[in-house]
Protein chains: 2
Amino acid sequence: MFRCFACGICLHAPAIISPTTPKPLQSLRRGRCSHMSTIVEVAKRAGVSVGTVSNVLSGNPSVGRELRERVEAAIRALDYHPNEIARSLKVKQTYMLGMVLPDITNPFFPDIMRGAEEKALQRRYLLVTANTDEQIEREQSILAALRSRRVDGILLACAPGKDSGHIRRVVEAGIPVVCLDRAAVGIKLDSVLLDNVRGGQDCVRHLLRVGYRNIAVITGPHKLQIARERLRGYVEAHREAHLDVNRELILEGDFREESGYRIAKELLLRRVRPSAIFVCNGMMTLGVLQAFEEMGVHYPEDLGLATFDDIVGDHSFYPRLTVVAQPTYEMGAQGADLLMDRIDGKLKGKPLIVRLKPTLTVRSSTKTQNPVAVSSLRPAAL
Amino acid sequence: MFRCFACGICLHAPAIISPTTPKPLQSLRRGRCSHMSTIVEVAKRAGVSVGTVSNVLSGNPSVGRELRERVEAAIRALDYHPNEIARSLKVKQTYMLGMVLPDITNPFFPDIMRGAEEKALQRRYLLVTANTDEQIEREQSILAALRSRRVDGILLACAPGKDSGHIRRVVEAGIPVVCLDRAAVGIKLDSVLLDNVRGGQDCVRHLLRVGYRNIAVITGPHKLQIARERLRGYVEAHREAHLDVNRELILEGDFREESGYRIAKELLLRRVRPSAIFVCNGMMTLGVLQAFEEMGVHYPEDLGLATFDDIVGDHSFYPRLTVVAQPTYEMGAQGADLLMDRIDGKLKGKPLIVRLKPTLTVRSSTKTQNPVAVSSLRPAAL
DNA sequence: TTGGCTATTTGAATCGTTTCATCACGTGTG
DNA sequence: CACACGTGATGAAACGATTCAAATAGCCAA
């Protein structure tokens, strides 16, 4: 028994400092010491072999009643928590899932996270979530970090970018990857996606039906397939109504608030204003609303407004927004299950693509039947 | 060279299946095979010893130019990513931080997360975030999971509950814990907290100053110290104005939306309505707004409204909310730095408590100088 | 040529588990 | 009584890295 060099308080059990193990001094000298008891100490205390302790831990029924009880007592006495790191090294499974999200401040993603975490914990996996801020370089370094940590699989909502080399390399290294919300470009992978075309189409069809024309659309970054799909929905809705689309009314944003703000302002300053705006995600809509407010624009009187994502929910807006809601929790949950099935080998063969259905909820931001054109604007709130 | 039993495609390098290593068949038989190259393979390919490869990886300058280059070439050729799990086992450090949050859907917490993650990545740590949904049992099991994974430290925003036994045990096991936003009950720990009393006091002082009386307060769960502190701010503000507080106007919520909704409805149905409501967090405010809308209540005309947290931000509300804003990003960032300093031993001695200052932002939800009493309600929107 | 010294390089031991071949110990059978 | 057999229990090897004492190589001086 020696007093710990680092903390000066604890006693090291023989298993930590003993004739056969002079090396641990290395880590102690660094000033780290956590006193975690090991399986060897448990075995020693219970007077059994390590193999037996391991068998008790894993619920192997071949352990006799007497020994089992002694081992359990020792575990409790030492407050033993198995070292999952060592276990991972041996069995080559970490029971960790990586989750890479582009914008954690977009409420869409925490919802996905909850769904995924719920499922993961049910199956004993731990979810490691990281945020890329829509930057592909960060996505690269996060993926590298997760890979070094040997996560068993990765849930990925890609940052925009045409180069998927870093993703491809992860996949080729044999790490299962499931795409969430946004598919990786140029790689066929298991995915849980929204039917974005349909979402855009439903929404714009509604706008057209209630009488809007000259509908502007603020899209996501064209590099992102989901952005292009939502735009396609917009185009399809026009096509089926036998209406031409005006390219001037298609504006590219980047799914972040500021771009919504900027583009809305631009739109509102045009000589010919659109009668309605369809915004392709919720964050940009926050920016649009900000612009509306600053310019004293009111909906639905002055302009119709509809958007992807129900991030502000049913709350507090008056009039409320007409939205295309995505089943976010579901998306996370299904993604996680898909990934774990792939890891466990329950799923074989070709990549599976799950398409979830969006829900159009019509609220009062598009209520009017005969939208007014430009006029009737109150002065800006300064 | 053998074809892999699991995937049937890859060839196993000698280091994986060889005369001296018959055992890997174990894991292959399970159907897992990830082909990750190891330091041994790199060494073999470069014609050097494993020690040399290790030295190259860690940037040890004692490696000669020639060997260094050969090793680097081999690393690139094999797409070698060091196994951080094995490394962790040896050096007894995982470079992972746990982060335990009570409600990831409250935008307050993703903001904290961003701050913490930013700092963590700067110092090569990976942040593992988990959500407890305000349930103490989940907090327990998450802590156990993090402990088994041997995270180097934990950032904790506690779930409400009087029992901190599970937290104490983690601390006693020698794992550094830093409390964020909410302190653990009955344990002195490093913490980054808000000056909640001041936040409540500033806000209610403002309400009183502009003329509100009979101000109702919707608090958080009394089990939580921050909830009691905010309430204390309310009481202090009254005391300094020489006003009595009416216990009937103190209502206990649970920091979640539904409770705000429920309590606001209750308040609005009273024979004597308060003239203003001070809500102790942002999620509950969403509920309150919902109730207002359903009952056709308008602020500031019918009722003044002020709240902790700026979760809806400057956006979209008209009139906008008077809020006590918390420096969320900062909170996460400082918490992470504090934790890592403690881990690295840069910080010695007593627990450190950092108190951040809230900012009162007065907007139009409390604008009126002489609030109207009950009357003048428009009919509910159905 | 040899010895001494430094600068590199090596490789065995170790971290805390799991796994499985082997062993010990009764027990029942021929 | 000898033997086979089954049930538990054991413990050594292995996972992939780091570390450091020891070996080696290179170089210069004697």
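The values are calculated or read from the model by the stated rules, or taken from the named source; none is laboratory data. These figures come from a predicted structure and were not determined experimentally. For neighbour counting, all protein chains shown are included, and Cβ atoms are generated from backbone atoms with ideal geometry for every residue, glycine included. The area values use the complete protein model at the heavy-atom level, side chains included, leaving out ligands, DNA and RNA. Shrake-Rupley method; radii C 1.70, N 1.55, O 1.52, S 1.80 Å.
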Pull up segment B:35-50, narrow it to residues that are under 27 Å from A:Glu172 (Cβ atoms) and near DNA strand C (Cβ under 9 Å from one of its atoms), then point me to the one that is surrounded by the most Cβ atoms within 10 Å (Cβ to Cβ).
B:Ala46
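Looking only at residues in segment A:53-78 that are without any contact (Cβ under 8 Å) to a residue 12 or more places away in the chain and crowded, with 18+ Cβ neighbours inside 10 Å, which one is farthest from DNA strand D (Cβ to nearest atom)? Steps first, answer last, please.
Here is the first cut: in segment A:53-78, the residues without any contact (Cβ under 8 Å) to a residue 12 or more places away in the chain are A:55, A:58-66, A:69, A:76.
Within this subset, residues satisfying the condition of being crowded, with 18+ Cβ neighbours inside 10 Å are A:55, A:63.
Details: A:Asn55: 6, A:Val63: 4 Å.
Result: A:Asn55.
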Looking at (1) touching a residue at least 12 places away in the same chain (Cβ under 8 Å); (2) among the charged types (D, E, K, R); (3) within 12 Å of chain A (Cβ to nearest Cβ); (4) within 27 Å of A:Ile85 (Cα to Cα), can you tell me which one B:Lys44 breaks?
(3)
Of the listed residues (A:Val192, A:Val151), the one being touching a helix residue (DSSP H, G or I) at 6+ places or on another chain (Cβ under 8 Å) and among the β-branched types (Val, Ile, Thr) is A:Val192
Which one is most open to solvent (accessible area, probe 1.4 Å), of the residues in segment A:100-123 that are hydrophobic (A, V, I, L, M, F, W, C) and facing chain B (nearest Cβ under 9 Å)?
A:Leu121
Would it be correct to say that B:Arg114 is farther than 30 Å from A:Ile311 by Cβ, touching a residue at least 40 places away in the same chain (Cβ under 8 Å) and more than 15 Å from DNA strand D (Cβ to nearest atom)?
no
Among (1) closer than 22 Å to A:Lys350 by Cα; (2) modelled with pLDDT of 95 or more; (3) at the interface with chain B (Cβ under 7 Å from one of its Cβ atoms), there is one condition A:Leu126 misses while meeting the rest; what is its number?
(1)
Here's a check for you: in segment B:79-91, which residue that is within 7 Å of another protein chain (Cβ to nearest Cβ) and touching a residue at least 12 places away in the same chain (Cβ under 8 Å) is surrounded by the fewest Cβ atoms within 10 Å (Cβ to Cβ)?
B:Asp79
Tell me, yes or no, whether segment B:299-311 has at least one residue that is under 21 Å from B:Pro107 (Cα atoms), open to solvent by less than 20 Å² (accessible area, probe 1.4 Å), part of a loop (DSSP other than H, G, I, E, B) and without any contact (Cβ under 8 Å) to a residue 40 or more places away in the chain.
no
Filter result for A:Val151 (aliphatic (A, V, I, L, M) and farther than 27 Å from B:Gly332 by Cβ):
no
Within segment B:89-99, track down each residue that is within 27 Å of B:Ile167 (Cβ to Cβ) and either near DNA strand C (Cβ under 9 Å from one of its atoms) or of a type in the set (Val, Ile, Thr) (or both).
B:Leu89, B:Val91, B:Lys92, B:Thr94
Output yes when any residue across segment A:64-73 is within 14 Å of DNA strand C (Cβ to nearest atom), at pLDDT 95 or above and away from chain B (no Cβ under 14 Å), and no when none is.
yes
Of the residues in segment A:135-147, how many are open to solvent by 20 Å² or more (accessible area, probe 1.4 Å) and within 13 Å of another protein chain (Cβ to nearest Cβ)?
7
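Which residue out of A:Leu321, A:Leu243, A:Leu267 is of a type outside the set (Gly, Ala, Ser) and under 30 Å from B:Glu258 (Cβ atoms)?
Unique residue meeting the criteria: A:Leu321.
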Condition test on B:Val53, is it farther than 30 Å from B:Asn131 by Cα, in contact with a helix residue (DSSP H, G or I) (Cβ under 9 Å, 6 or more places away or on another chain), within 14 Å of DNA strand C (Cβ to nearest atom) and at pLDDT 95 or above?
yes
I need the full set of residues from segment B:124-134 which are within 23 Å of A:Leu89 (Cβ to Cβ) and open to solvent by 10 Å² or more (accessible area, probe 1.4 Å), in order please.
B:Arg124
